[in-house]
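S.K.: The structure under discussion is supplied below as structure tokens; questions concerning it will follow.
The values are calculated or read from the model by the stated rules, or taken from the named source; none is laboratory data. Here the structure is a predicted model, which is why all the values come from computation and not from measurement. In this analysis, Cβ positions are derived from the backbone assuming ideal geometry, glycine residues included, and neighbour counts consider all displayed protein chains. SASA here: full protein model, heavy atoms, side chains in, ligands and nucleic acids out. Shrake-Rupley method; radii C 1.70, N 1.55, O 1.52, S 1.80 Å.
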Amino acid sequence: MATAQSLSHVWPLGTTLNAAGHIEVGGCDLVDLAREVGTPAYIVAEDDLRARAREFREAFPADVHLSFATKAFPCTAVLRVLAEEGIGADVASGGELQIALRAGVAPGMVTLHGNAKSERELGEALDAGVGLIVVDNTDELDRLDRLATREQDVMIRVAPDVRGDTHDHISTGQADTKFGFSLADAPTAMERIRASERLRLRGVHLHIGSQLLELDPFRRAIEAVAALGPMEAINVGGGLGVAYTPDDHPPSVQEYADVKVGAIREYLGPDVAILDEPGRALVAAAGVTIYGVQSVKRNVSTWVAVDGGMSDNLRPMLYGARYEAVLASRPGGSTRCHVVGKHCESSDVIVRDAMLDDPRPDDIVVTPVTGAYCYAMANQYNGVPRAPVVFVRDGDARVVVRRETYDDLLSRDVL
Ligand SMILES: *Cc1c(COP(=O)(O)O)cnc(C)c1O
């Protein structure tokens, strides 16, 4: 029998088991919701999203500029909610810039990133009047200096030579990286910007990696870039890890903010302006994915096949990410099984060794903590239309991105 203990701390704020024993997110029974919007679908608890945004705002001093790393959940509805909560957007391409602008994020609240920005993308950012461009390399600096027709605030991205304890594929602060200037090359780039007529150097940006569960690397990275001398502002990137499974216990948002702000005050003094760019930790926990079980078979292990997979969540295949899976109608259980997708790859395993309650076709499987980097990396492998995004709140469900159709799949083919 399902109890409140069946649900771990990783679920969105306000998730409950209702009288039928079903999981309810944002007041919506996930079994009913699956019937209504279809599966697979990304479900986002709007209250959780807003609560995290407020938690970040309150954890940092009021004058800290927060921007959401759009790549974590590049969806206008998400950016709009965050903008309402006073959070800007950082974008890493012309497309993400469009998403942020269409979401209504004020251009002055947008930061442009990227290690291979094209002339077109730089031009679009300049035309839009983005608040900040973070320069990654000398070639880009040449291009930007040539393109700018009026004053533009910039920072330079620096690789502080600090390695956070995370998967290699999402570590970015080490010396041997494609991101940013080395500590050795940064002073020359800073001199060049100071000499530019139109570029105005605000300071240094760093982002050492993602899903970091220890805070000390942030402190060491800030100490390392402080050696570049006094600066008006510092942008300390994102990186806070989240709990994906009940065994994960990441630092709190407050601890993250205290370590970053503390290190900045210690190494750069009381007056430097602070910018922070959370991605994952703002949105991951607000999202759950619902899937419909298509088949259950026993080939040595028990294989529970659902109607999505690596087209809606690439993280397990890209870097071994772990998730929890439960049945929406019977959380808990003791049937050890692998929850797998419908794609033609053996790596298409969403959750290995999940414990479900005797899963059967038509059951709804839910994986929590899919708000970050899932929709973002969705693809149409095997011609599977991409899943919708549905906001839930107070018992109401609102489709904010509709499901892709077969016509959408074919819309670019020149027939
Ligand atoms: C990805 C990214 C972030 C956000 O990282 P999270 O780990 O999702 O918080 C922030 N800044 C930059 C430059 C990034 O590339």
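S.K.: Which lysines have a Cα lying under 16 Å from the Cα of Lys178, excluding residues fewer than 8 positions away in the same chain?
M.R.: Cα-Cα hits under 16 Å: Lys117.
S.K.: Residues of the stretch 290-415: accessible area per residue at 1.4 Å, in Å²? Each step should come with its number before you reach the end.
M.R.: On the way: 5980 Å² over 126 residues.
Counting only protein heavy atoms, the per-residue value for the stretch 290-415 is 47 Å².
S.K.: Enter the Cα centre distance for the pair the stretch 224-302 and the stretch 89-156, rounded to the nearest angstrom.
M.R.: Between the Cα centres of the stretch 224-302 and the stretch 89-156 lies a distance of 23 Å.
S.K.: To continue, here is another question. Sorting check: for 82-91, 51-60, 143-152, which peptide has the highest mean count of neighbouring beta carbons within 10 Å, and how do the rest follow?
M.R.: Peptide ranking by packing, descending: 82-91, 51-60, 143-152.
S.K.: Now for a separate question. Would you mind pulling out the separation of the Cα centroids of the stretch 44-84 and the stretch 356-410, in Å?
M.R.: The two parts, judged by their Cα centres, are 21 Å apart.
S.K.: Normalised radius of gyration for the chain, please: alpha carbon Rg relative to 2.2 N^0.38 Å, two decimal places.
M.R.: 1.02
S.K.: Mean residue ellipticity at 222 nm from the helices of the chain, using -39,500 (n - 2.57) per DSSP H segment of n ≥ 4 over the full residue count, to the nearest 500 deg cm²/dmol?
M.R.: After summing the helix terms and dividing by the residues of the chain, the value is -7500 deg cm²/dmol.
S.K.: Hey, can you find the accessible area per residue of the stretch 113-278 for me, probe 1.4 Å, expressed in square angstrom?
M.R.: On a per-residue basis, 43 Å².
S.K.: For the stretch 3-114, give the percent of accessible area contributed by carbon and sulfur heavy atoms, probe 1.4 Å, rounded to a whole number. List each step's numbers first, then the result.
M.R.: Working: 2090 of 4080 Å².
The nonpolar share, carbon plus sulfur, comes to 51 percent.
S.K.: Could you state the angle between the C-alpha long axis of helix 253-268 and the longest principal axis of the C-alpha atoms of the chain, as a value from 0 to 90 degrees rounded to the nearest 10?
M.R.: 10
S.K.: A further question follows. Between the stretch 161-181 and the stretch 21-36, what is the C-alpha centre distance in whole Å?
M.R.: 40
S.K.: Starting from one equal scatterer on each C-alpha and no solvent at all, send me the Debye-based log10 I(q)/I(0) for the stretch 113-278 at q = 0.09, 0.11, 0.18 Å⁻¹, two decimals.
M.R.: Each listed q corresponds, in turn, to -0.30, -0.45, -1.10.
S.K.: Would you mind putting 66-72, 217-223, 274-280 in packing order, based on average other-beta-carbon counts within 10 Å, highest first?
M.R.: Going by the mean number of other Cβ atoms within 10 Å, highest first, we get 66-72, 274-280, 217-223.
S.K.: Moving to a separate point now. Lysines within cross-link reach of Lys342: Cα-Cα under 16 Å, excluding same-chain residues under 8 positions apart?
M.R.: Lys297
S.K.: Express the relative contact order of the stretch 113-278 as a whole percentage, based on alpha carbon pairs under 8 Å and six or more residues apart in sequence.
M.R.: After rounding, I find 20 percent.
S.K.: With an 8 Å cut-off on Cα pairs and a minimum separation of 6 or more residues, tell me the relative contact order of the chain in percent.
M.R.: RCO, the chain: 20 percent.
S.K.: Just name one of Thr76, His9, Val399: the one whose Cα is farthest towards the positive end of the charge dipole of the chain (beta-carbon charges, Lys/Arg +1, Asp/Glu -1).
M.R.: Val399
S.K.: Using DSSP, restrict attention to beta bridges with both residues in the chain and report what percent are antiparallel, rounded to the nearest 5.
M.R.: Here the share of antiparallel DSSP bridges comes out near 50 percent.
S.K.: Could I ask something else about it? Students often check this: by mean Cβ neighbours within 10 Å, which of 261-268, 400-407 ranks highest, and how do the rest follow? Walk me through the intermediate numbers first.
M.R.: Details: 261-268: 17.8, 400-407: 13.8.
Result, highest mean first: 261-268, 400-407.
S.K.: For the stretch 122-165, with all protein chains present and a 1.4 Å probe, just round the carbon and sulfur fraction of the accessible area to a whole percent.
M.R.: Looking at the stretch 122-165 in its full context, I get 36 percent from C and S.
S.K.: Something else: Calculate how many DSSP beta bridges within the stretch 113-278 are antiparallel, expressed in % of all such bridges and rounded to the nearest 5.
M.R.: Numbers: 1 of 19 bridges.
Around 5 percent antiparallel, to the nearest 5.
S.K.: Could you tell me the relative contact order of the stretch 207-357? Use alpha-carbon pairs under 8 Å, at least six residues apart, and round to a whole percent.
M.R.: In percent, rounded to a whole number, it is 19.
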